[in-house]
1. Could you name every one of the strands (runs of 3 or more DSSP E) located completely within segment A:51-108 that has at least 1 residues being touching a Cys at 6+ places or on another chain (Cβ under 6 Å)?
2. If A:A42 satisfies all but one of (1) free of Cβ contacts under 8 Å to residues at least 12 places away in the same chain; (2) in a strand (DSSP E or B); (3) open to solvent by less than 30 Å² (accessible area, probe 1.4 Å), what's the number of the condition it fails?
3. Within the group A:E56, A:E9, A:E5, A:E14, which residue is at pLDDT 95 or above and over 17 Å from A:T106 (Cβ atoms)?
4. Being crowded, with 20+ Cβ neighbours inside 10 Å and modelled with pLDDT of 95 or more is true for just one of A:Y98, A:Y86, A:Y48, A:Y70. Which residue is that?
5. Among the residues in segment A:51-66, are any within 14 Å of chain B (Cβ to nearest Cβ), open to solvent by less than 20 Å² (accessible area, probe 1.4 Å), closer than 27 Å to B:S33 by Cα and without any contact (Cβ under 8 Å) to a residue 24 or more places away in the chain?
6. How many residues are facing chain A (nearest Cβ under 10 Å), polar (S, T, N, Q) and either open to solvent by 20 Å² or more (accessible area, probe 1.4 Å) or part of a loop (DSSP other than H, G, I, E, B) (or both) if we restrict to segment B:26-58?
7. Please state which of the following conditions B:E96 fails to meet, knowing it meets all the rest: (1) farther than 15 Å from A:A42 by Cβ; (2) within 14 Å of the chain's Cα centre (by Cα); (3) among the charged types (D, E, K, R); (4) within 10 Å of another protein chain (Cβ to nearest Cβ).
8. Going through segment B:59-82 one residue at a time, which ones are over 19 Å from A:L100 (Cβ atoms), open to solvent by less than 30 Å² (accessible area, probe 1.4 Å) and out of contact with any helix residue (DSSP H, G or I) (no Cβ under 8 Å at 6 or more places or on another chain)?
Amino acid sequence: GQSLEQPSEVTAVEGAIVQINCTYQTSGFYGLSWYQQHDGGAPTFLSYNGLDGLEETGRFSSFLSRSDSYGYLLLQELQMKDSASYFCAVRARMDSSYKLIFGSGTRLLVRP
Amino acid sequence: DAGVTQSPTHLIKTRGQHVTLRCSPISGHKSVSWYQQVLGQGPQFIFQYYEKEERGRGNFPDRFSARQFPNYSSELNVNALLLGDSALYLCASTSEFTGSYGYTFGSGTRLTVV
């Protein structure tokens, strides 16, 4: 089957660093993506790892280890506006289609 | 350029009714995918369309159907609505079939079945 696991909730203080982990078990793996979703909003693309290693985009970094079926999203210099749900999503090929398989999401609460 | 646009934004339907949701992808994007997001969960894949052909289908009943038009816009249809169909329906477009350049999501249609 296809499964992704990530913590349900994380709380951190403004200005701090937080890491959200994701482990996956999927077939047809092509890469790991991270999306941010504010309440009532659309998922917004943050980062993508197709190969092992670290990708950095401003305050956000993402890491992938394909051999460990593991990745994480690192958020630095947390701001109040970072309070949102964060989803890891595997980009997978299934039969004749490509799709994103999402985890259940991690709700991040940033406190002053 | 406009992003992915979906209509309507909100919809209330009665059990047993039929609903049509619409999506316009980013200009130049030829692939449209539909996802269902139940409250508190991650989005679940329903369909992928590319060049007006269905290329993939998730684990959803035949009550769910979709199509893509020559201008690459898309419709999602759901027949015989059930209470459990209440969810946020998201449309995502990609510039090419594999999605390797990323998915852009619309803001979704919030469907409530009563």
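The values are calculated or read from the model by the stated rules, or taken from the named source; none is laboratory data. Because the structure is a prediction, the values reported are computed rather than measured. Heads up, the Cβs are rebuilt from the backbone with ideal geometry, glycines too, and the neighbour counts pull from every protein chain shown. The accessibility values were calculated without ligands, DNA or RNA, using every heavy atom of the protein model including side chains. Shrake-Rupley method; radii C 1.70, N 1.55, O 1.52, S 1.80 Å.
1. On the way: elements: A:53-57, A:60-65, A:70-75, A:84-94, A:97-102.
The qualifying strands (runs of 3 or more DSSP E) are A:70-75, A:84-94.
2. If we test A:A42 against (1) free of Cβ contacts under 8 Å to residues at least 12 places away in the same chain; (2) in a strand (DSSP E or B); (3) open to solvent by less than 30 Å² (accessible area, probe 1.4 Å), just (2) comes out false.
3. Values: A:E56 fails: at pLDDT 95 or above; A:E9 fails: over 17 Å from A:T106 (Cβ atoms); A:E5 fails: over 17 Å from A:T106 (Cβ atoms).
Just one listed residue meets the conditions, A:E14.
4. Numbers: A:Y98 fails: modelled with pLDDT of 95 or more; A:Y48 fails: modelled with pLDDT of 95 or more; A:Y70 fails: crowded, with 20+ Cβ neighbours inside 10 Å.
One residue alone meets the criteria, A:Y86.
5. Initially, segment A:51-66 is screened for residues within 14 Å of chain B (Cβ to nearest Cβ), giving A:51, A:55, A:57, A:62.
Next, only the ones that are open to solvent by less than 20 Å² (accessible area, probe 1.4 Å) stay: A:62.
If we keep only those that are closer than 27 Å to B:S33 by Cα as well, we get A:62.
Cutting the leftovers down to without any contact (Cβ under 8 Å) to a residue 24 or more places away in the chain gives us none.
Scanning segment A:51-66 turns up no residue that is within 14 Å of chain B (Cβ to nearest Cβ), open to solvent by less than 20 Å² (accessible area, probe 1.4 Å), closer than 27 Å to B:S33 by Cα and without any contact (Cβ under 8 Å) to a residue 24 or more places away in the chain.
6. So the count comes out to 2.
7. (2)
8. Answer for segment B:59-82, where residues must be over 19 Å from A:L100 (Cβ atoms), open to solvent by less than 30 Å² (accessible area, probe 1.4 Å) and out of contact with any helix residue (DSSP H, G or I) (no Cβ under 8 Å at 6 or more places or on another chain): B:S73, B:E75, B:N77, B:L81.
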